[in-house]
Amino acid sequence: MLWAVHAGSIPIGRAVSVASLESRTQLPSFVAGRWQNGLRGFTELRSAIDGRVLGLASSSGLDFGEMAGYARSVGGPNLRGLTFLARAALLRQLATYLNERREPLYALSFETGATKRDHLIDIDGGIGTLFAYASRGRRELPDEKFVLDGAVESLSRGGTFVARHILTPLQGLALHIDAFNFPCWGMLEKLAPTFLAGVPAIVKPATSTSFLTHAMFALIMESGILPEGAFQLIMGGTGDLLDHLGGQDVISFTGSHATSLTLRNHPVVASEAVRFIAERDSLNAAILGPDAGPGTPEFDLFVEEVVREMTVKAGQKCTAIRRAIVPRAHHAALKEALVEKLRGIVVGNPRLESVQMGPLASLDQRTAVRASVAELQTEARLLFGDPNSWIVEGADYQAGAFLSPLLLGVEKGGPARKVHEVEAFGPVSSVLAYETLEDAIELAKRGSGSLVASIFTYDQDVADALVLGIGSYHGRILALDRDCARESTGHGSPLPPLVHGGPGRAGGGEELGGLRGVFHYLQRTAVQASPTRLTGLTKSWTAGARTSKKAQHPFRRFFEDLSIGESILTAARVVTLEDIEHFAEFTGDTFYAHMDEEAAKANPFFPGRVAHGYLLLSFAAGLFVDPAPGPVLANYGLENLRFVKPVVPGDAIRVRLTVKQKTPRQPEHGEVRWDVRIANQDDELVASYELLTLNARRPT
Ligand code: NAP
């Protein structure tokens, strides 16, 4: 295992094996471009398996003002100097680099209590998130330093005053405060969108498992891929860092309700309107539909999912199922099935292949979970497990942070309160019975806002009622049934393209969700100007802006040579009745509006027989295309197509083709977006759309 070990402020990057960590190595922070040790007040970082000390952490003596200043003055400009596409490319390089170095991280990850299956979520899942954002950035973001948001807004009758929203990177820093349960994924799922946005990050992992975060951070630094200042690390507390924040900064926090309140109410955070994204505790529900009785695939899936959520990461997942809400009629059978399945779970040393569930992350965590379970037991009966002892394989129950899976039963859903309020952040779940679907919805809502809920039903009416009933209380809903179970990613997995976050108690924040997660770190600005000025500013041709004409047809010019606003107006072509009939016969599209004068006239939109929309598109291509082989490699789609006015036999159409936008997606070719407008002999718009082509880059 490679650890970056450092003396004072000089980076050494010496390799240290996991075994030698018992020497109580201090794991330094990474501050203003150098590794730096804390001075006093060390926290011992302990193995979850046997409690031995792996290293020490302290941030005392760090200059947090310097960290903030360095992020703003070095990291920010370095990142903002790159385009979104350039940052996406670096993210991909970083993901590839880490992907090739997972093995040593796995070795260390066991010490957090994680099994092999858990590593896949934390380490592979984190790296996968980098890959996902890199490719989303490459596909969906521009080779510019801003992003366009929404369409051009017309603000005047004469068309000389228009507006568009743009997004630019905040010029501050992102402070990422992570929870202990995902030392790698927690860091990377926040880093990916922040980096893509162009904002430098300071990471503060939860101290107890920070030895693993530190190891991955050290790999990132060792790679040399990220620009200087893009990333700093705090091993220990945040000191007075919050005092140095301002209105261009973002805090992205994952952790408990209590800590999020402390941070949100910090005077600087409140008065400077520091953006605050909170992901906090969540009492997620799984609801079994009334139709999903014993013997149905949905019943079995429910049992499987609840047990998986209790045992993956020893239940230390913000998305884990805490409340299993089941119809009274199936209550007894369900409890029995869950208990039966839990009996088969082997708890123990996560290094052993036979072990399905490792220890909690720390002894403190076990104490906290036991206290929460004791509270729950004032209302609920223990159906399975023992909070105080258990048989564990290959380890000492007392020395490590082991705990058995604990299933509780709340016999009466109605008056119970704690089951909807107390989050036992471990392998703990409670079963509640409901009488009617409305009942089930009310019970789910008593969680006061959650990250995710799952519904298990094969009945569309039940699914409709549940999703609409609980939707606004949840950031994600998984509707699991026999048709999607095999390929389902499961209840507990936040995914890069989907929103991760929930309202109310869950923090009211959102992370991930594709580009939504990037936009948290960008400022949206409405820019009002003339069409020509807006075209210049947004690098996207705006209707009404000046156009230019070049000697050569645009299809003869390489990607680099095309300029925004470059335009051609084609010759006119008369559309005849014969054309319409020929097209109808040839394609088989003999819809009455093209073929039957009387029927067409009876239609409220047409004066009589009209040309096919597809015929117009084909004629348009025939008018503007330059046919010989050249830089245009392929047409790969149309967007925003509108047929505005019918074309009747005898009308003459012509086309204006204008270069609207260019994005160099690959080294060999780029995407050109063309504005296409088809007008009739009276210069009235009959159709408009955006055409996308792939154009060759000029050979170097
Ligand atoms: P926690 O005590 O709130 O700690 C979370 C993070 O906040 C840690 O990095 C912690 O650092 C830091 N922290 C604590 N006090 C701070 C302060 N005054 N100023 C700055 N940072 C501070 O939470 P936890 O109990 O360790 O974590 C478990 C909780 O996280 C559970 O409630 C769980 O539901 C929630 N969680 C939510 C999500 C989600 O996505 N919604 C994901 C995972 C976990 P230290 O470790 O140094 O104290």
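Rg and Dmax in Å for region 3-278, alpha carbons only: what are they?
When restricted to Cα atoms, region 3-278 yields Rg and Dmax of 19.6, 76 Å.
Run through the DSSP bridge list for region 295-432 and note the antiparallel percent, rounded to the nearest 5.
Working: 3 of 13 bridges.
Rounded to the nearest five, the antiparallel share is 25 percent.
What percentage of the solvent-accessible surface of the chain, computed with a 1.4 Å probe over protein heavy atoms, is contributed by carbon and sulfur atoms?
53 percent
Rank-order 368-376, 244-252, 339-347 by packing density, defined as the average count of other C-beta atoms within 10 Å over each peptide's residues, highest first.
Per-residue mean Cβ counts within 10 Å order the peptides as 244-252, 368-376, 339-347.
Angle check, please: helix 613-624 long axis (alpha carbons) against the longest principal axis of the chain (alpha carbons), in degrees 0 to 90, nearest 10.
70 degrees
List, in the order given, every pair from 539/660; 190/539; 539/662 whose Cα-Cα distance in the structure shown is over 18 Å.
With Cα atoms farther than 18 Å apart: 190/539.
Using only the alpha carbons, work out the radius of gyration and Dmax of the chain in angstrom.
Here Rg and the maximum Cα pair distance are 30.1, 93 Å.
Which value, in Å², gives the accessible area per residue of the chain when a 1.4 Å probe is used on the protein heavy atoms? Mind showing how you got there, number by number?
Numbers: 27790 Å² over 700 residues.
Result: 40 Å² per residue.
Under 5 Å between amide hydrogens, which residues at least 5 positions from residue 384 or on another chain qualify, with H placed 1.01 Å from N in the peptide plane?
Under 5 Å from the amide H of residue 384 lie the amide H atoms of 407, each far enough along the sequence or on another chain.
Quote the charge dipole size of the chain about the Cα centre in Debye, to the nearest 20; the model charges only the Cβ of Lys and Arg (+1) and of Asp and Glu (-1).
On the way: 70 positive and 77 negative charges, 438 e Å.
Rounded to the nearest 20 debye, it is 2100 debye.
Residues in region 535-557, backbone N under 15 Å from the label point at residue 640 (7 Å along the Cα-to-beta-carbon vector): list them, ranges by number please.
Correct set: 535-536, 538-545.
Step through the residues of region 127-138 one at a time and calculate ³J(HN,Hα) from phi using the Karplus curve (6.51 cos²θ - 1.76 cosθ + 1.60, θ = phi - 60°), rounding each to whole Hz and writing x for Gly and Pro.
Running phi through 6.51 cos²θ - 1.76 cosθ + 1.60 with θ = phi - 60° gives 5, x, 5, 4, 4, 4, 6, 4, 6, 5, x, 5 Hz.
Based on a Kirkwood Rh over C-alpha pairs, give the Stokes-Einstein translational diffusion coefficient of region 284-506 at 20 °C and viscosity 1.002 mPa s in µm²/s.
D = 123 µm²/s.
Taking residue 645 as the anchor, which lysines have their alpha carbon closer than 20 Å to its alpha carbon, excluding any fewer than eight residues away along the same chain?
Straight-distance partners of residue 645: 601.
When the helices in the chain are scored as -39500 (n - 2.57) per DSSP H run of 4 or longer and the sum is shared across all residues, what 222 nm value do you end up with, to the nearest 500 deg cm²/dmol?
My calculation for the chain gives -8500 deg cm²/dmol from helical runs alone.
Simple spin-label model, 7 Å along Cα-to-Cβ: residue 240 to residue 467 in nm?
That separation, rounded to one decimal, is 5.3 nm.
I want to check the label-to-label distance for residue 154 and residue 598. Put each point 7 Å from Cα in the C-beta direction and report it in nm to one decimal.
Between residue 154 and residue 598, the label points sit 3.9 nm apart.
Hey, if you drop one equal point scatterer on each alpha-carbon of region 547-696 and run the Debye formula without solvent, what base-10 log of I(q)/I(0) do you get at q = 0.12, 0.19 Å⁻¹?
Once normalised to I(0) and log-transformed, intensities are -0.55, -1.10.
How about region 517-591: which chymotrypsin sites (Phe, Trp or Tyr not before Pro) there lie in a loop by DSSP and see at most 14 other Cβ atoms within 10 Å?
Passing both the DSSP loop test and the Cβ count: 591.
Projecting each Cα onto the charge dipole of region 547-696 (Lys/Arg +1, Asp/Glu -1 at the beta carbon, about the Cα centre), which of 618, 586, 694 comes out farthest on the positive side?
Among 618, 586, 694, the one farthest towards the positive end of the dipole of region 547-696 is 694.
For the pair residue 546/residue 569, report the inter-label distance in nm, with labels modelled 7 Å from Cα in the Cβ direction.
The two pseudo-label positions are separated by 1.7 nm.
Have a look at region 478-625 and give its Rg and Dmax from the Cα atoms, expressed in angstrom.
Spelled out, the Cα radius of gyration and Dmax of region 478-625 are 25.5, 67 Å.
Within region 450-515, which trypsin sites (Lys or Arg not before Pro) sit in a loop by DSSP and count at most 16 neighbouring Cβ atoms inside 10 Å?
Filter output for region 450-515: 482.
What share of the DSSP beta bridges in the chain is antiparallel, in percent to the nearest 5?
If I count the DSSP bridges inside the chain, around 60 percent turn out antiparallel.
Given R₀ = 60 Å, FRET efficiency for residue 652-residue 354 by Cβ-Cβ distance, to 0.05?
Between residue 652 and residue 354 the formula returns 0.15.
Over what distance in Å are the Cα centres of region 348-389 and region 167-198 separated?
The distance from the Cα centre of region 348-389 to that of region 167-198 comes to 31 Å.
The values are calculated or read from the model by the stated rules, or taken from the named source; none is laboratory data. This one's a predicted model, so the numbers in the text were calculated from it and none came from an experiment. When we count neighbours, we look across all protein chains shown, and the Cβ atoms used for this are built from the backbone with ideal geometry, even at glycine. Ligands, DNA and RNA are excluded from the accessible area calculation, which covers all protein heavy atoms including side chains. Shrake-Rupley method; radii C 1.70, N 1.55, O 1.52, S 1.80 Å.
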